[in-house]
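See structure below.
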Amino acid sequence: MHTLTVAQLMQGLRDKQFSSTEVTQCLLQRIGELDAQYNSFITVDADRALAQARAADQRLEQGQTTPLTGIPVAHKDIFCTEGVRTSCGSRMLDNFAPPYDATVIKQFHDAGAVVLGKTNMDEFAMGSSNESSFYGAVRNPWDTGRVPGGSSGGSAAAVAACLAPAATGTDTGGSIRQPAALCGITGLKPTYGRVSRLGMIAFASSLDQGGPMARSAEDCALLLNAMAGHDPLDSTSAEAPVPNYTEHLGDSLEGLRVGLPREYFSEGLDAATGECIQTALKELEARGATLVDVSLPHTQLTVPTYYIIAPAEASTNLSRFDGVRYGHRCDDPKDLHDLYTRTREEGFGDEVKRRILVGTYALSAGYYDAYYKKAQQVRRLIKQDFTQCFDEVDILAGPTTPGPAFGLGEKSDDPVSMYLEDIYTLAVNLAGLPAMSVPAGFVGGLPVGLQLIGRHFDESRLLNVAHQYQQHTDWHLQRPDSAAGGSN
Ligand code: GLN
């Protein structure tokens with residue numbers, strides 16, 4: 001039961017092969033048995049999950065089903081859940097139980113899904129390895145000595161280890177796609193504005209976007225159907241109509257033009273990873289696609305540009321954590337200044353402090369023009385690169401990451417080498433585009449991800465290409481040995 005996809009679970013529930021309570025119980029049991037080795041969950045409220053599952057079973061019994069009725073979904077601990085701790089991976093919010101649900105959580109609730117638990121993540125979603133969490137690092141189910149990627153590493157590990165059929169993540173600079181790639185699952189970062197950010201704790205507001213992480217493109221489509229749509233309470237949420245994302249999964253790839261950005265296949269890309277990507281591209285060609293050489297000339301500037309803009313936005317977003325209204329508060333403050341400084345000193349970890357320092361510096365008088373304004377100008381050029389490519393091709397394809405999962409601790413003392421891990425993912429967020437990572441092979445027993453990038457609001461096309469690819473490959477069906485034990 002634990003290896004079934006969302007689509008298979010939906011079918012099984014409708015056919016009464018099993019109940020939502022049975023599925024939820026099985027997964028809760030697996031989490032209890034296996035998660036000590038992955039650390040993928042921060043909070044699991046079994047009673048609440050089972051109560052939701054029982055309610056779903058009643059609705060199934062009465063035939064009042066909505067698409068995801070009874071499907072257990074794990075949520076990144078960045079989405080506010082009413083009455084349930086929402087920590088964002090930080091000591092600052094360790095004691096925070098929000099008074100409301102994020103729109104995404106509401107949408108899953110309205111679609112009938114069960115909240116399985118809240119997943120571990122890099123502190124405030126800052127990181128590419130899930131080592132910056134206050135709750136400890138998450139371990140990659142394919143090799144527990146390696147990182148699962150970040151910042152949605154808990155969600156990726158939980159799905160890979162068959163502790164959850166699907167999960168939510170957020171992607172500010174790659175945090176859905178990169179962990180999806182390193183854990184061998186499928187992840188979709190939607191167009192900026194496609195999914196509501198209300199109640200999704202803000203990291204960098206002009207880049208953050210929530211999306212689905214699952215075992216297949218079809219499952220991502222089913223989840224996106226629930227998540228996408230205009231939210232009047234989020235002024236950056238788009239009013240564009242929401243298509244049915246499963247409708248075009250079966251379309252042929254005949255005539256599809258796939259652009260291969262030259263800069264994504266140059267030095268810096270691990271050779272064996274590059275070979276997996278080439279093999280995947282041949283598969284797309286065999287399905288009727290044409291491969292076209294294209295260029296994204298400002299690729300080298302994406303890391304410095306992102307690492308000015310994201311910290312700048314983070315430094316202002318995180319100024320709200322001051323010990324006054326909610327979250328951590330230091331003991332016995334002497335005065336207001338002491339309250340602020342000690343609360344923030346104690347509540348934030350090193351990476352978050354580093355970002356606040358960089359961001360505050362980049363925004364300060366005298367440096368604003370040289371850094372922040374310049375970064376915004378380069379951001380425009382990066383966006384234009386994509387616009388030009390999309391005149392010629394329908395989608396872009398390349399690697400999600402420069403190589404497979406690295407060892408725990410390997411890059412944690414070298415922030416710049418950690419930031420370089422994001423070289424192929426950051427530009428997508430700077431341009432607001434949708435993109436996916438799809439399992440595309442293994443290097444030394446570790447998964448590799450194929451990245452697909454689409455035009456604004458063209459998620460349907462990405463899902464179609466990924467689904468067709470998955471109809472002819474079985475990389476997404478492979479399971480790590482470590483997940484073989486446990487209840488099923
Ligand atoms: N790795 C990037 C960072 O550390 C992206 C994180 C994200 O997408 N949330 O900022």
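The values are calculated or read from the model by the stated rules, or taken from the named source; none is laboratory data. Everything quoted here is computed from the prediction, not taken from an experiment. All Cβ positions, even for glycine, are placed from backbone atoms using ideal geometry, and neighbour counts span all protein chains on display.
Observations on the model:
- Condition met for Leu253 (in contact (Cβ under 8 Å) with a residue 24 or more places away in the chain, outside any helix (DSSP H, G or I) and within 26 Å of Tyr306 (Cβ to Cβ)): no
- For the range 364-385, the condition holds for no residue, the condition being that it is touching an Asp or Glu at 6+ places or on another chain (Cβ under 6 Å), in a helix (DSSP H, G or I) and polar (S, T, N, Q).
- For the range 271-314, a residue qualifies if it is buried (at least 18 other Cβ atoms within 10 Å of the Cβ), among the hydroxyl-bearing types (Ser, Thr, Tyr) and in contact with a strand residue (DSSP E or B) (Cβ under 8 Å, 6 or more places away or on another chain), and the qualifying residues are Thr273, Thr299.
- Within the range 317-346, the set of residues being in contact with a Cys (Cβ under 8 Å, 6 or more places away or on another chain) and either crowded, with 17+ Cβ neighbours inside 10 Å or in contact (Cβ under 8 Å) with a residue 60 or more places away in the chain (or both) comprises Gly323, Leu339, Arg342, Thr343, Glu346.
- The range 265-309, residues that are in a helix (DSSP H, G or I), away from the ligand (no atom under 16 Å from the Cβ), closer than 30 Å to Gln377 by Cα and in contact with a Gly (Cβ under 9 Å, 6 or more places away or on another chain): Phe265
- Residue among Val159, Val242 that is of a type in the set (Val, Ile, Thr) and buried (at least 22 other Cβ atoms within 10 Å of the Cβ): Val159
- Given (1) buried (at least 24 other Cβ atoms within 10 Å of the Cβ); (2) within 21 Å of Arg325 (Cβ to Cβ); (3) not charged (D, E, K, R), number of the condition Pro99 does not satisfy: (1)
- Subset of the range 27-43 [buried (at least 20 other Cβ atoms within 10 Å of the Cβ) and outside any helix (DSSP H, G or I)]: Tyr38, Asn39, Ser40, Phe41, Ile42
- From the options Gln64, Gln58, residue that is surrounded by fewer than 22 Cβ atoms within 10 Å (Cβ to Cβ) and either under 22 Å from the mean Cα position of the chain (by Cα) or in a loop (DSSP other than H, G, I, E, B) (or both): Gln64
- Scanning the range 167-209 for residues that are aliphatic (A, V, I, L, M) and near the ligand (Cβ under 9 Å from one of its atoms), we see that the one that is surrounded by the most Cβ atoms within 10 Å (Cβ to Cβ) is Ile176.
- Residue match in the range 27-39 (condition: closer than 21 Å to Gly169 by Cβ and free of Cβ contacts under 8 Å to residues at least 24 places away in the same chain): no
- Among (1) in a helix (DSSP H, G or I); (2) crowded, with 24+ Cβ neighbours inside 10 Å - the single one Lys106 does not satisfy: (2)
- Number of positions in the range 5-26 that are crowded, with 18+ Cβ neighbours inside 10 Å and not in a helix (DSSP H, G or I): 2
- Any pair with Cβ under 7 angstrom, 6 or more apart, that starts in the range 200-223 at a residue that is in contact (Cβ under 8 Å) with a residue 40 or more places away in the chain and ends at one that is among the acidic types (Asp, Glu) and part of a helix (DSSP H, G or I): Ala204/Glu313; Ser205/Glu313; Ser206/Glu313
- Boolean, Asp35 is farther than 19 Å from Gln58 by Cβ and modelled with pLDDT under 95: no
- Applying the set (1) more than 16 Å from the ligand (Cβ to nearest atom); (2) buried (at least 24 other Cβ atoms within 10 Å of the Cβ); (3) not hydrophobic (A, V, I, L, M, F, W, C) to Tyr135 leaves exactly one unmet item: (2).
- Checked against (1) under 30 Å from Thr3 (Cβ atoms); (2) surrounded by 19 or more Cβ atoms within 10 Å (Cβ to Cβ); (3) out of contact with any Gly (no Cβ under 9 Å at 6 or more places or on another chain), Pro212 meets all criteria but (3).
- Residue in the range 128-149 that is in contact with a helix residue (DSSP H, G or I) (Cβ under 7 Å, 6 or more places away or on another chain), of a type in the set (S, T, N, Q), at pLDDT 95 or above and on the phi > 0 side of the Ramachandran plot present: yes
- Residue in the range 153-160 that is among the β-branched types (Val, Ile, Thr) and within 16 Å of the ligand (Cβ to nearest atom) present: no
- Pairs linking a residue in the range 117-129 that is near the ligand (Cβ under 8 Å from one of its atoms) to a residue that is modelled with pLDDT under 95 and of a type in the set (A, V, I, L, M, F, W, C), with Cβ atoms under 6 Å and 6 or more positions apart or on different chains, are Ser128/Met418.
- Looking across the range 22-46, the residues that are out of contact with any strand residue (DSSP E or B) (no Cβ under 7 Å at 6 or more places or on another chain) and under 22 Å from Glu82 (Cβ atoms) come down to Leu28, Ala46.
- Members of the range 67-90 found to be of a type in the set (A, V, I, L, M) and either assigned to a strand (DSSP E or B) or over 15 Å from Ala164 (Cα atoms) (or both), listed by number: Val73, Ala74, Ile78, Val84
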